[in-house]
């Protein structure tokens, strides 16, 4: 049974000055999970995820066949919030031919020689496909805003990190997303809302577990020490860019199994709302199919008779 749309709706960020990131609990639990032991909660959420994944596979098949819409899923979060794991689990049942994932790290020299939207624009999903951005063009109003010296490498004439500069970037992003939606791309943006306490616990886990050592970087800790600056940057960005056509969803991420269930539920609900259908062939094509069927049956019967 799908998650109640009213439950999901509470995670849609309204945008505007009234939005406060602090109003969203990173450790949120649904009412039916209150009083459950962790194992019971995890089993409950895992069952929801499995159901959503099964339905997503069927919905993605119709998305691919109908060839009208494309879907872009944007994931942003602080380090260790679980972006990779969420993408892996939510999209586990999707046909690889209908899905593509791009992970955006520090821009290359070629990318720096273009406008900041260029590297993501050329990676947008084609019609019928689901595109996933693990980080995105939003890095330009998050990481770059917290570290404005990164602008030096972009060689933008007269670029100064003023309030107007960032507002102009928000406006460009809104224009870009509006353009994409007007041309058939459904844009869903997920902020995995991790608490600083849980981030530190996960960092320690990565340090203490040799199999996870490769996941930890000293730079992660450096950025974590600027937590308040990042939270302010995220709040500003979400206020400015959570729109009706391209909403932000604030996903509680302290419990990975909750985050995965909610993300899969939102994607499922969105695809169901598109009323995707398999193409209906014109009568002439149906007649050709009937002729082809008759020929194949005749050939098959002939082969069986010869044997």
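The values are calculated or read from the model by the stated rules, or taken from the named source; none is laboratory data. Keep in mind that what you see is a predicted model, and the values were worked out from it rather than measured. Cβ coordinates were reconstructed from backbone atoms using ideal geometry, including for glycine residues, and neighbour counts include every protein chain displayed.
Any chance segment 211-227 includes a residue that's touching a helix residue (DSSP H, G or I) at 6+ places or on another chain (Cβ under 6 Å), in a helix (DSSP H, G or I) and under 30 Å from residue 128 (Cα atoms)? No: zero hits. Just one of the listed residues (255, 226) is buried (at least 19 other Cβ atoms within 10 Å of the Cβ), over 25 Å from residue 181 (Cα atoms) and either at pLDDT 95 or above or assigned by TED's automatic domain parsing to the domain that holds residue 85 (or both), namely 255. Considered as a group, the residues in segment 58-95 that are in a helix (DSSP H, G or I) and more than 16 Å from the chain's Cα centre (by Cα) include one that is surrounded by the fewest Cβ atoms within 10 Å (Cβ to Cβ), and that residue is 58. Residues that are over 22 Å from residue 79 (Cβ atoms), exposed (fewer than 13 other Cβ atoms within 10 Å of the Cβ) and in contact with a strand residue (DSSP E or B) (Cβ under 9 Å, 6 or more places away or on another chain) do occur in segment 123-130.
Hey, does segment 242-251 have a residue that's in contact (Cβ under 8 Å) with a residue 12 or more places away in the chain, closer than 21 Å to residue 57 by Cβ and more than 15 Å from the chain's Cα centre (by Cα)? The answer is no, given that none of the residues of segment 242-251 is in contact (Cβ under 8 Å) with a residue 12 or more places away in the chain, closer than 21 Å to residue 57 by Cβ and more than 15 Å from the chain's Cα centre (by Cα). Among the conditions (1) in contact with a strand residue (DSSP E or B) (Cβ under 7 Å, 6 or more places away or on another chain); (2) buried (at least 21 other Cβ atoms within 10 Å of the Cβ); (3) assigned to a helix (DSSP H, G or I), residue 264 misses just one, which is (1).
A quick yes/no check of all residues on (1) outside the structural domain of residue 227 (by TED's automatic domain parsing); (2) crowded, with 20+ Cβ neighbours inside 10 Å; (3) more than 20 Å from residue 239 (Cα to Cα); (4) free of Cβ contacts under 8 Å to residues at least 60 places away in the same chain:
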| site | (1), (2), (3), (4) |
| --- | --- |
| 135 | no, no, no, no |
| 153 | no, no, yes, yes |
| 173 | no, yes, no, no |
| 184 | no, no, yes, no |
| 193 | no, yes, no, no |
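The criterion of at least 2 residues that are modelled with pLDDT of 95 or more and farther than 30 Å from residue 271 by Cβ is met, among helices (runs of 4 or more DSSP H) falling completely within segment 103-148, by 109-112, 143-146.
Condition first: surrounded by 14 or more Cβ atoms within 10 Å (Cβ to Cβ), within 30 Å of residue 142 (Cα to Cα) and within 16 Å of the chain's Cα centre (by Cα). Can you find one or more residues in segment 13-32 that meet it? Taking every residue of segment 13-32 in turn, at least one turns out to be surrounded by 14 or more Cβ atoms within 10 Å (Cβ to Cβ), within 30 Å of residue 142 (Cα to Cα) and within 16 Å of the chain's Cα centre (by Cα).
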